[in-house]
Structures are given as C-alpha cells and as structure tokens.
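K.L.:
First, the structure itself, so that you have it in front of you.
Every number here is computed from the coordinates shown, using simple stated rules; none is lab data. All figures in this text were calculated on a predicted structure; none of them were measured in a lab. Every residue, glycine as well, gets a Cβ built from its backbone with ideal geometry; the counts of neighbours run over all protein chains shown.
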Amino acid sequence: MHNIINFIGKNVKLGKNVKIWHFTYIGDNTEIGDNTKIGSLVHIDYNVKIGKNCMIEGMVYIPPLTVIGDNVFIGPGVIITNDPYPPSKKLVGIYISDNVVIGAGAILKAGIKVGENSIIGMGSVVTKDVPCNTVVYGNPAKIRYSYDEYVKRRRSWEEGTI
C-alpha cells in the first residue's frame, strides 16, 4: 500500500497533465503549466509561476516570487534563493526564461535573470545574470561556451563519438 502525502495550498492552478511525485509542497497562489512534472521532496513556495513542459527533479527549493518559463529542466537538489541579505524583510524573485537547463546542485542568487536557451552546469553558484544562448558553470559561474557548442557536445555524447 502506498501513502502519497503532498501539500497543495490555496488558489493553486495546475495545468493539464501535471504530475506531482511524493512528499511535495506547493504554496498558495502558485501556477504550474500543462505537462509539467514535479519530483519528490520538492518545495515550491507561494506566488511562484512555472510554465508548461517543465521537469523539476527531486529535492529542489523554489522560493516565493520565482518565475520559470516553458520547457525548463531543473536537476535534483537545485536551490533558488530570493533574499540577497538574509534574513531581510524585502524579497526579490528570480526569472528563468524558456528552454533553460539547470544542472544538479546548482545555487542561484536572488534577483538574477537566466536567459533563454542557457545551460547552468551542475554544482554551479550563479551570482549574476546568465545571458541567452550560453553555458555557464563553476563557482562563481562564468560563461564557458555557447549553446550551439553545447548542442554539438550533447549530440556527440549521445552518438558515442566522445
């Protein structure tokens, strides 16, 4: 027998075909778009907006005021922050554009913008805006190469040529 315990707050809007795994918290006034999948042990706080066709892996923290576009992949253990001077009384959201990939264990600083078609490598500490069509990684995260180069490397990996 399986007991699946999730908490879904007030005024939450879930799109069609949203899948939510075990032990997930979704705060009040949050919107999640169609075909989005939320992994186990994810904490999505209040006033969050998540687009369609996203995949949020397990143990991710998404604070209030975060906006996530469409077709975004967030790897396990990612931490998004919203307080640049904790614990302050003023919070600021993060904006994650469409078609972004955020690798496992990355940490994103409050107030940044992650541009469309960008990739954040696993374990990165992102302290500044990420431009569109770039790959960043490291601590602090820095631009390493272009999105087009990433696509070439991924294709080579999948074809077994690297």
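K.L.:
Only one of (1) out of contact with any Asp or Glu (no Cβ under 9 Å at 6 or more places or on another chain); (2) under 19 Å from Thr36 (Cβ atoms); (3) surrounded by fewer than 18 Cβ atoms within 10 Å (Cβ to Cβ) fails for Ala104. Which number is that?
P.N.:
Against the list (1) out of contact with any Asp or Glu (no Cβ under 9 Å at 6 or more places or on another chain); (2) under 19 Å from Thr36 (Cβ atoms); (3) surrounded by fewer than 18 Cβ atoms within 10 Å (Cβ to Cβ), Ala104 comes up short only on (1).
K.L.:
For Asn82, are the conditions met, namely being of a type in the set (S, T, N, Q) and either within 15 Å of Ile107 (Cα to Cα) or not in a loop (DSSP other than H, G, I, E, B) (or both)?
P.N.:
Considered against the rule, which asks whether it is of a type in the set (S, T, N, Q) and either within 15 Å of Ile107 (Cα to Cα) or not in a loop (DSSP other than H, G, I, E, B) (or both), Asn82 comes out as yes.
K.L.:
Here is a further query. What about Asn117, is it in contact with a helix residue (DSSP H, G or I) (Cβ under 8 Å, 6 or more places away or on another chain), in a loop (DSSP other than H, G, I, E, B) and within 25 Å of Lys16 (Cα to Cα)?
P.N.:
It is true that Asn117 is in contact with a helix residue (DSSP H, G or I) (Cβ under 8 Å, 6 or more places away or on another chain), in a loop (DSSP other than H, G, I, E, B) and within 25 Å of Lys16 (Cα to Cα).
K.L.:
Also: Looking at this structure, is Gly27 among the small types (Gly, Ala, Ser), closer than 17 Å to Ser97 by Cα and in contact with a strand residue (DSSP E or B) (Cβ under 8 Å, 6 or more places away or on another chain)?
P.N.:
So Gly27 fails the test.
K.L.:
One residue is enough: does the range 110-129 have a residue meeting the conditions of a type in the set (A, V, I, L, M, F, W, C), more than 27 Å from Lys10 (Cα to Cα) and surrounded by fewer than 17 Cβ atoms within 10 Å (Cβ to Cβ)?
P.N.:
yes
K.L.:
Further question: Please verify whether Ser40 is in a loop (DSSP other than H, G, I, E, B), surrounded by fewer than 17 Cβ atoms within 10 Å (Cβ to Cβ) and touching a Ser or Thr at 6+ places or on another chain (Cβ under 8 Å), treating the condition exactly as stated.
P.N.:
yes
K.L.:
Can I ask one more? Please give the number of the condition Asp70 fails out of (1) among the charged types (D, E, K, R); (2) touching a Lys or Arg at 6+ places or on another chain (Cβ under 6 Å); (3) crowded, with 17+ Cβ neighbours inside 10 Å; (4) farther than 24 Å from Asp34 by Cβ.
P.N.:
Checking Asp70 against (1) among the charged types (D, E, K, R); (2) touching a Lys or Arg at 6+ places or on another chain (Cβ under 6 Å); (3) crowded, with 17+ Cβ neighbours inside 10 Å; (4) farther than 24 Å from Asp34 by Cβ, the one that fails is (4).
K.L.:
Evaluate the following for Tyr137: is it surrounded by fewer than 18 Cβ atoms within 10 Å (Cβ to Cβ), part of a strand (DSSP E or B), touching a Ser or Thr at 6+ places or on another chain (Cβ under 9 Å) and not β-branched (Val, Ile, Thr)?
P.N.:
No, not satisfied.
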